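A short worksheet on the structure shown next.
The values are calculated or read from the model by the stated rules, or taken from the named source; none is laboratory data. As the structure is a computational prediction, the values presented were derived from the model and not from experiment. Counting neighbours? That spans all protein chains shown, and the Cβs are built from the backbone with ideal geometry, glycine included.
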Amino acid sequence: MITHRLDTEKSILYIQAKSPLTENDFAQLGRTVDPHIEETGGLAGLIIEIASFPGWENIGAMAAHFRFVREHHKLVKKVAVVTDSPLGAIAEKLASHFVAAEIKHFPAAGIAAATQWIAG
């Protein structure tokens, strides 16, 4: 499950994932960000706060995740992965091959630094 909030002033989407991701998570994300993207042309950034990757509820959720990334990655300038998990460093290097956004890893206490990096 994903919880999220959109800071329309800074054009930053904040995401927390704590349990297996569902198809509905990505439908809800689309309903939140798509009107903002249509109005502004994109997002300044995405901040993913995660202790560890929780996986997907099922194959449909995995497909919805990949589809969401494919449809939105060119519309996001920066992605901050905020975690103390080794996943952060791996995500920073691996995801850069698949998405257009600049990706940077921050420690778990680094939400403010991640926000500043995106807004700055």
Quick one: how many residues across segment 27-80 are among the charged types (D, E, K, R) and assigned to a loop (DSSP other than H, G, I, E, B)?
1
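Give the residue that is modelled with the lowest pLDDT, with candidates limited to residues of segment 84-106 that are part of a loop (DSSP other than H, G, I, E, B) and under 18 Å from ILE12 (Cβ atoms).
So the first thing to find is which residues in segment 84-106 are part of a loop (DSSP other than H, G, I, E, B), and the list is 84-86, 96-101.
Subsequent filtering for residues that are under 18 Å from ILE12 (Cβ atoms) retains 99-101.
Values: VAL99: 73, ALA100: 77, ALA101: 85.
Going through the qualifying residues, I end up with VAL99.
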Return a yes/no flag: does segment 43-60 have any residue that is at pLDDT 95 or above, over 20 Å from ILE103 (Cβ atoms) and crowded, with 20+ Cβ neighbours inside 10 Å.
no
Residue satisfying all of: in segment 1-18; assigned to a loop (DSSP other than H, G, I, E, B) and at pLDDT 95 or above; surrounded by the most Cβ atoms within 10 Å (Cβ to Cβ) among these:
SER11
